[in-house]
Amino acid sequence: MDPILRRSSFFYVTAFVTYTGLMGRFMLTRDWPAFEVIPLFLPVWLISGMLASEHDERYAFLRTLPLTDRAVVRTKFALILSFVSAAWLLMTAVALFRMGDGVATPSTLVYVTLVCASALLVGALYQIGIW
Amino acid sequence: METVLEATDLTKDYEDFSLRGVSLTVRSGSISGVFGPNAAGKTTLLKVLAAQAPMQSGAVRVLGQIYETSEGDLKNRVGYVPQEPTFYPDKTATWHARFAAHYFARWDGAGFFSLLETFRVNPLKKVKHLSGGQKKLLSLATALSHGAELLILDEPTAGLDVVHRRSLLDRLRAITADGSRTVLVASHITDGLDEIAEDVTFLHDGRVVLHAAADDLMTRWKWVHYKDGSLDRAIEGRFATLRRQPFGNRGLTDDLPALREAVAPALASGDARIDHASLEDILLSFVKGA
């Protein structure tokens, strides 16, 4: 496994697991319209994962390796995309599951998709800013 | 002799500093030194030459290739030691070796750990717990362990004790002995490095003020110690540096062969003598005269 991916993915996986652990259970168990609020926390979790990952990142060290800047950026963006895709899949699956009891509606799917797309954009811009 | 590095008219601008029109060539199998005072632009130049920072204009050709099209391949063939080591502070040397091994095509793990043993750097200690000198040695061990044909070293002896400094200089001499490897080293101090550098470049205020073979410099640049009044004013005016002292004056000439005839009478009468000049003397002459 690519060492950059291995090192950074630890933080993204941790963020994803804590997000699904803390937030996912509300989407699964609460009767109030949990889907209106909880997806909004996704960008917060994503940024916190990115912050943790970038905190001790050593781009100057990576530049001494036979790697192009483009390859490093591609790896970082792949992580952000994976995180958001996994969250989108999870929330969509839960929304579909909760449609039966009226907590989620078809418009919820659009809402979740828009939030995830926004998170992706925010994450990408943040990464570019760090870079 | 083949040229392994050729930089032409490099320009790099910062808010308060500019590298201006720097050109440089490094011969295969040589040890070349870039010397200059603090803030002369040495680190900036080396960063550009090692593709660690972009340049504004100019061209860099390394080992017959350019970074724009062959960055990955060139970084396999070029070892770079930055002025400040850039390792992950919470990780060990062993972790970094595993990390680097994944990317370098010719990574020599056994050689890396052997170097750490020689340098007395504990491979299991976190980088943040290593001393400044040990971090530098770790950086050197990394650069020396992937079969680099060109080593670009920024202040490699800074922070090293006398034993490790001597050991490093010997190693640099040894790795260039068969002509297969080339070393480009930058420093603001010339301690020891002047002994091994075959080509010398002086950088001052972002410009190259001198680029010459060290032997040629040592032959041409000499101190002339003389008694007051034994040389006339016209000769004194030809010195690059002139120091008047209570017990005799001394002048630094940048062309002894041309001056020798003029000082011959004073030499013959014992009123003058010639002494060698160090790189530091020559560098100071440029910095003060600039």
*Name the residue, out of A:L90, A:L67, A:L46, whose mean-square fluctuation peaks in a Gaussian network model built on chain A with Cα pairs under 10 Å.*
A:L67
*Can you give me the Cα centroid spacing of the stretch B:132-157 and the stretch B:35-70 in angstrom?*
17
*Take every DSSP beta bridge whose two residues both sit in the protein assembly as shown, then give the antiparallel share in percent to the nearest 5.*
65
*Can you give me the relative contact order of chain B as a percent, contacts being Cα pairs under 8 Å and 6 or more apart?*
21
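Work out the length of the dipole vector of the protein assembly as shown about its Cα centre, built from +1 on the beta-carbon of each Lys and Arg and -1 on the beta-carbon of each Asp and Glu, and round it to the nearest 20 debye.
The calculation lands at about 960 debye.
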*Between their Cα atoms, which of B:K47/B:K125; A:K76/B:K47; B:K75/B:K222; B:K12/B:K128 are more than 30 Å away from each other?*
B:K75/B:K222; B:K12/B:K128
_Classify chain A from the C-alpha gyration tensor, please: rounded if a/c falls under 1.5, else prolate or oblate depending on whether a/b exceeds b/c._
prolate
_Sequence of A:L40, A:L125 once ranked by neighbouring C-beta atoms within 10 Å, starting from the fewest_ = A:L125, A:L40
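Fewest Cβ neighbours within 10 Å first, please rank A:M91, B:M218 accordingly.
In order of increasing Cβ crowding within 10 Å: B:M218, A:M91.
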*For the protein assembly as shown, with the dipole built from +1 on Lys and Arg beta-carbon atoms and -1 on Asp and Glu ones, taken about the Cα centre, which of B:A100, B:T8, B:A262 lies farthest toward the positive end?*
B:A100
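For A:E57, what charge total do you get from the other residues with a beta carbon under 10 Å from its beta carbon, if Lys and Arg give +1 and Asp and Glu give -1?
Values: positive: A:R7, A:R58, A:K76; negative: A:E54, A:D56.
Local charge sum for A:E57: +1.
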_Whole-Hz ³J(HN,Hα) for each residue in the stretch B:178-186, computed from phi via Karplus 6.51 cos²θ - 1.76 cosθ + 1.60 with θ = phi - 60°, x for glycine and proline: what do you get?_
8, x, 8, 10, 10, 10, 10, 10, 10
*Between B:S32, B:S269, B:S187, which gets the highest mean-square fluctuation from a Gaussian network model of chain B, Cα cutoff 10 Å?*
B:S269
*How much net charge surrounds B:F17 when only the other residues with a Cβ under 14 Å from the Cβ of B:F17 are counted, with Lys and Arg +1 and Asp and Glu -1?*
+1
*Put +1 on the Cβ of each Lys and Arg and -1 on the Cβ of each Asp and Glu in the protein assembly as shown; which of A:T14, A:V94, B:L231 then has its Cα farthest toward the positive end of the dipole?*
A:V94
_Estimated dipole of the stretch B:3-211 in Debye, rounded to 20 [Cβ of Lys and Arg +1, of Asp and Glu -1, Cα centre]_ = 700
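Add +1 for every Lys or Arg and -1 for every Asp or Glu among the other residues with Cβ under 14 Å from the Cβ of B:V78, and state the total.
Summing Lys and Arg as +1 and Asp and Glu as -1 gives +2.
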_Given Cβ point charges of +1 (Lys, Arg) and -1 (Asp, Glu) and nothing else, what value in debye, to the nearest 20, does the dipole of the stretch A:19-131 about its Cα centre take?_
260
*Ignore the peptide's own chain and count Cβ atoms of other chains within 10 Å of each Cβ in B:99-106; give me the average, rounded.*
4
_Sort B:F239, A:F41 by Cβ crowding within 10 Å, fewest neighbours at the top._
A:F41, B:F239
_Amide H partners (placed H, <5 Å) of B:E149, local residues excluded_ = B:V78, B:G79
*Please say if the stretch B:1-92 is rounded, prolate or oblate, where rounded means a/c under 1.5 for a ≥ b ≥ c the square roots of the C-alpha gyration tensor eigenvalues, and otherwise the choice is prolate for a/b larger than b/c and oblate otherwise?*
rounded
_Using alpha carbons only, how many angstrom separate the centre of the stretch B:71-128 from the centre of the stretch A:1-60?_
31
*Positive end of the charge dipole of the stretch B:3-211 (Lys, Arg +1 and Asp, Glu -1 on Cβ, about the Cα centre): tell me which of B:L193, B:S30, B:H164 has its Cα farthest that way.*
B:H164
*Taking Cα pairs under 8 Å and at least six residues apart, what relative contact order does chain A come out at, in percent?*
37
*Which whole-Hz ³J(HN,Hα) couplings does the stretch B:102-113 yield from phi under the Karplus relation 6.51 cos²θ - 1.76 cosθ + 1.60, θ = phi - 60°, glycine and proline marked x?*
5, 9, 7, 5, 10, 5, 10, x, 4, x, 4, 6
*May I ask you to evaluate 6.51 cos²θ - 1.76 cosθ + 1.60, the Karplus curve with θ = phi - 60°, for each residue of the stretch B:38-47 and list the ³J(HN,Hα) values in order in whole Hz, giving x for glycine and proline?*
4, 6, 7, x, 5, 5, 4, 4, 5, 4
*With chain A treated as a Gaussian network of Cα nodes joined by springs under 10 Å, which of A:A78, A:A15, A:A117 yields the largest mean-square fluctuation?*
A:A78
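Taken together, the values in this text are just the output of simple stated rules run on the coordinates, not laboratory data. Computed from a predicted model, the values in this text were never measured in an experiment. Methodologically, a virtual Cβ is constructed for each residue, glycine included, from the backbone with ideal geometry; neighbour enumeration extends over all protein chains shown.
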